[in-house]
1. Helices (runs of 4 or more DSSP H) wholly in segment 1-95 with at least 1 residues that are of a type in the set (Phe, Trp, Tyr), in contact (Cβ under 8 Å) with a residue 12 or more places away in the chain and within 15 Å of the ligand (Cβ to nearest atom) - which ones?
2. Being more than 16 Å from the ligand (Cβ to nearest atom), under 21 Å from the mean Cα position of the chain (by Cα) and aromatic (Phe, Trp, Tyr) is true for just one of Tyr139, Tyr183. Which residue is that?
3. For Arg85, are the conditions met, namely being of a type in the set (D, E, K, R) and closer than 24 Å to Lys182 by Cα?
4. Taking segment 130-145 on its own, how many of its residues are open to solvent by less than 10 Å² (accessible area, probe 1.4 Å) and either farther than 24 Å from Glu166 by Cβ or among the polar types (S, T, N, Q) (or both)?
5. Which of the residues belonging to segment 103-119 are under 14 Å from the mean Cα position of the chain (by Cα) and either open to solvent by 70 Å² or more (accessible area, probe 1.4 Å) or more than 11 Å from the ligand (Cβ to nearest atom) (or both)?
6. Every residue in segment 314-357 that is within 15 Å of the ligand (Cβ to nearest atom), part of a strand (DSSP E or B) and touching a residue at least 60 places away in the same chain (Cβ under 8 Å), please.
7. Go through segment 169-179 and count every residue that is within 16 Å of the ligand (Cβ to nearest atom), of a type outside the set (A, V, I, L, M, F, W, C) and either at pLDDT below 85 or open to solvent by less than 30 Å² (accessible area, probe 1.4 Å) (or both).
Amino acid sequence: KDWISFSHMSVDRSLFPFDSWFSCEHRALKLSRLELNDDSSRFPQGIYSVRKTIARFLSVARGVQCFPEQIVLGGGTQFLFYLLRHLFHENSLYAMENPGYRRMYESLKMERLRLKTIPLDNKGISIDLLKQMNPNVVYVTPSHQFPSGVVMPISRRIQLLNWAAEKDNRYIIEDDYDSEFKYESDTIPSLQGLDSYERVIYLGTFSKSLLPGLRISYMILPQKLLKKYRERCSFIMSTSNALGQLTLQQFIDSGEYRKHIRHMRQVYIERQKKLIEKLKKRFGSTITMHGANAGLHFTAEFDTTRSVEEIANRARAAKLELYNLKPYCLEDHYLYSKPAFILGFANLSVEKIDEGVERLYHAIFE
Ligand SMILES: Cc1ncc(COP(=O)(O)O)c(CN[C@H](CF)CCC(=O)O)c1O
């Protein structure tokens, strides 16, 4: 039998419109030779016309307000964060959500930055604990908290923005990852679009809406930080390849991007509903699910005496790719009362859902 995947790590490549991507690349190669043969020192922030396309798309899709000049394209969110941290004060205190995105946590630790982790409540990062910790920079994933899946409601977004506006040298890094896919509620506007005090740095990526291998990510700097970026970082050449940028621009401007997102939303919502239905039927009251109304994964706690490790081993033996939440519980705070796992459905076709749930049940209870 072949593997079945609950991985949250990738997208369903079998549904990627390679043909239209290829014709966009062909057009880019034909029409944009000028930008292609310029060395990337001329576009440290990425190709201007590509940034114009992204700015336009973001204002429609996420209510983001920005000029193309504020956008910096980069080969991955972590690299952009590495640039960004050079714009803040030397001894800034950083904070991030717990459970949270371990790769960001490791990036902060590697840079030996002062860092506090802040637990979540049912609306996202705890605003009371944030006020107590009083950091300068807080990193949040409001659209679909990573990994818990909590969608930060407007009320908490306003609290966060008011907190940031209270004092100088307070910034919010909004990582809007996974924001393309919303199911029940309609899209909640980004923090960046609600921010009128220039305190939000917006991080975005095409890794989930297109392909992680593209390595096209972007950040939007408020004017004050843009000025610092140009003073301190403009010697750093662009890390986002020009052909990828120009193909993406054709893909968005031709309407293919909007079409693809609409198609994938249909596909993912059908899988998500079928998966939740099957899990409820099979696990009954032994399963508690969180964060299911957005993104390409949700989390589930299981009322079992079996350990996370043993379940992980049994899943692997049954060829079921399954990630648990321990690696995302930072600083050894295991924030779940029972064994908790990430259930991703981007790589789980509808036909495989029944078998996938059976293997999961076998790994946990049989
Ligand atoms: C919270 C968060 N912000 C950004 C990205 C995207 O970064 P980039 O492709 O470099 O633009 C990810 C990507 N997450 C990966 C795939 F899901 C890895 C998950 C894991 O480390 O478990 C992510 O979780």
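1. Numbers: elements: 18-31, 33-36, 48-62, 77-84.
In segment 1-95, the matching helices (runs of 4 or more DSSP H) lie at 77-84.
2. Going through Tyr139, Tyr183 in turn, just one is more than 16 Å from the ligand (Cβ to nearest atom), under 21 Å from the mean Cα position of the chain (by Cα) and aromatic (Phe, Trp, Tyr): Tyr183.
3. no
4. The total comes to 4.
5. Scanning segment 103-119 gives a single hit, Arg103.
6. The answer is Glu321, Tyr323, Phe341, Ile342, Leu343, Gly344.
7. Quick first cut of segment 169-179, residues within 16 Å of the ligand (Cβ to nearest atom) only: 172-179.
Still in the running and of a type outside the set (A, V, I, L, M, F, W, C): 174-179.
Among the residues that remain, those that are also either at pLDDT below 85 or open to solvent by less than 30 Å² (accessible area, probe 1.4 Å) (or both) are: 174-176, 178-179.
Looking only at that region, the number is 5.
Listed here are the residues, each with its yes/no results for (1) in contact with a Ser or Thr (Cβ under 7 Å, 6 or more places away or on another chain); (2) open to solvent by less than 80 Å² (accessible area, probe 1.4 Å); (3) modelled with pLDDT under 95; (4) of a type outside the set (Gly, Ala, Ser).
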site: Ser10; (1), (2), (3), (4): no, yes, yes, no
site: Phe22; (1), (2), (3), (4): no, no, no, yes
site: Glu25; (1), (2), (3), (4): yes, yes, no, yes
site: Asp38; (1), (2), (3), (4): no, yes, yes, yes
site: Val50; (1), (2), (3), (4): no, yes, no, yes
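The values are calculated or read from the model by the stated rules, or taken from the named source; none is laboratory data. All values derive from a computational prediction rather than experimental measurement. In this analysis, Cβ positions are derived from the backbone assuming ideal geometry, glycine residues included, and neighbour counts consider all displayed protein chains. The accessibility values were calculated without ligands, DNA or RNA, using every heavy atom of the protein model including side chains. Shrake-Rupley method; radii C 1.70, N 1.55, O 1.52, S 1.80 Å.
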